[in-house]
Amino acid sequence: METSQQDPATAMEYCEQLDRVVAQHITSFEALAVLPGSPIDEADKMLQYRSYRETVQVPIFSALDHLRLVTKSVPALRGVLPFAHATPLRSAITAASTSLWAMHDEHETRVLRAAILNYYDYSNGLKYFNGRPADKYPDLDRAKDKVRQRMDYFAAELADRGEDVADGRWRPTADFDMVVAAAKMMRPWRDGWKPVTEVPSRWRWLSGYAHGMRWATAPNTEQSEADENGYSATTMTFGIDSLMESARIVQTLIETALDRYSELAGHTEDPDGKSSAPDR
């Protein structure tokens, strides 16, 4: 798989190098302005309670944070926690894919998908509040009323666009389906790897590994000869190459989301590589 930097000699060097790249992405993304008249600016005007920019921006920051958790902790621990590191890498894929899924080519679809994400977000918030003990939270009813108000607003927005959340068959788009959609928005890698295949399969593998599923961990296990009772000892290993490969996939996916956000925010790249607003 192609990568934007020279391959380091060790995993520690790789994580230290990637950590600097991620830090730069965070700094530049925080400073990126949404230009007046840009697609994101226009989508912001279509929604209340939560802007379109926030809807797609926060998952990108989440993905960056999850990746940086890995790039910081591997050098600090002088090694890999395979189950623990699989979790933030998978979460980074999910978050970046969520943002890309919402940054569709068509304006109406972008607004629709933002409304779906926010309706689902507030519905989960209401479930959380419903599970809290009312005697310990005196403002709980007020908080739930506020969430219901926002749910009703986004439900109405969805109804105007042909999505009936009151229909018992209605379901929001699943995480994996967003990952598949995001992979289709990525450019093919020059070394022959195909994002449309590699990104969804990597998400499934990281999910299985994070949950300790046998199918995912089996390739990295060694078993001793069975004893007289038929039992054998299992030793699990985790190739550092697997971590680096996963991190590179995550990095490429996040950078695709960053590029897409920058484009929708009204920025283009001039021949000198500097960001500029399009002519209007």
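The values are calculated or read from the model by the stated rules, or taken from the named source; none is laboratory data. Every value quoted in this text rests on a predicted model; they were computed, and no experiment measured them. Please note: Cβ atoms are built from the backbone with ideal geometry, for glycine as well, and neighbour counts cover all protein chains shown.
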Task: Segments classed as helices (runs of 4 or more DSSP H), wholly inside the stretch 1-91, with at least 2 members that are at pLDDT 95 or above, under 20 Å from the mean Cα position of the chain (by Cα) and of a type in the set (Lys, Arg) - done: 52-77
Open item on the list: I need the full set of residues from the stretch 160-200 which are of a type in the set (Gly, Ala, Ser) and either in a loop (DSSP other than H, G, I, E, B) or exposed (fewer than 13 other Cβ atoms within 10 Å of the Cβ) (or both), in order please.
Closed with: GLY162, ALA166, GLY168, ALA174, GLY192
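Okay, residues lined up against (1) without any contact (Cβ under 8 Å) to a residue 24 or more places away in the chain; (2) among the polar types (S, T, N, Q):
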{"site": "GLN24", "(1), (2)": "yes, yes"}
{"site": "GLY37", "(1), (2)": "no, no"}
{"site": "PRO59", "(1), (2)": "no, no"}
{"site": "LEU69", "(1), (2)": "yes, no"}
Task: All positions within the stretch 136-174 that are within 19 Å of TYR52 (Cα to Cα), touching a helix residue (DSSP H, G or I) at 6+ places or on another chain (Cβ under 8 Å) and among the acidic types (Asp, Glu) - done: GLU157, GLU163
Task: the stretch 227-280, residues that are basic (Lys, Arg) and either at pLDDT 95 or above or exposed (fewer than 15 other Cβ atoms within 10 Å of the Cβ) (or both) - done: ARG260, LYS274, ARG280
Open item on the list: So in the stretch 121-146, with the set limited to residues that are closer than 29 Å to ALA174 by Cα and in contact with a Leu (Cβ under 7 Å, 6 or more places away or on another chain), which one is surrounded by the fewest Cβ atoms within 10 Å (Cβ to Cβ)?
Closed with: ARG132
